[in-house]
Amino acid sequence: MVWVEPSNLDNMGNVPGQCMGRNRNRLSTYLTPAEKTILKSSLEFIKDDLHDLGVIVFVRFFETEPKLKRLFPKIVRVNENNELELEMDGEMLRKHGHNVMHTLGAAIENMEESDFMNTVIRAIGSTHVRRKVKGKMLYHLWPSLDYGLRDMLQERYTREVAAAWKKLFHYTINQMRRGMKANKVRKE
């Protein structure tokens, strides 16, 4: 795939960042044609670096959201005084970052098969309930993802690209929250 400048898409009459007004539970109809093209094009550009992007995102996340470190006991260590240590398990950090970024990549690559992807993303959300993650906490990851994408895409990271990724992020988080809510209902 060739990189498509987002400014070229505006001539198609699409307004990046606005929903098509159709089914918000299907990624393919939640995104505008311009946003789909932007996401596919930018993913193609960074696809080989998703692993590195995941590390950048989560290192930044732990720097900017220190209170949420406790939700990652396999990544961030706590000492005998129940204080967070600066040392992180690098392998677990890389694995988690890899999983998150490849889930977003898979959502882009399979946006026409939203039912399948939604099932996967909701299942991921339900696993977060066991880890004591609250739905609203998930949104705290966006600034770190934004930072990582900006670092990877550099001058290609325009407002339109950022808006398309943010929309994908919010769609994914909303599906995760649905999985979290379903898990809570099953437990009651």
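Before moving on, here are some points about what is shown:
- Förster-model FRET efficiency, 25 Å R0, Ala106 and Arg70, C-beta, rounded to 0.05: 0.30
- Cα-Cα P(r), segment 82-170, percent of pairs per 10 Å interval: 13, 41, 36, 10, 1
- Restraint check, Lys47/Lys69; Lys36/Lys67; Lys40/Lys67, Cα-Cα greater than 30 Å: Lys36/Lys67; Lys40/Lys67
- Computed lengthening from Arg94 to Arg77, 0.36 nm per intervening residue step minus Cα-Cα distance: 4.6 nm
- The length gained on full extension between Asp115 and Arg131, counted as 0.36 nm times the residue separation minus their Cα-Cα distance, comes to 3.2 nm.
We did not get these values from a lab; they are worked out from the coordinates using the rules stated. These numbers were taken from a predicted model, which means no experiment stands behind them. Because the Cβ atoms are built from the backbone with ideal geometry, glycine has one as well, and the counts that use them run over all protein chains shown.
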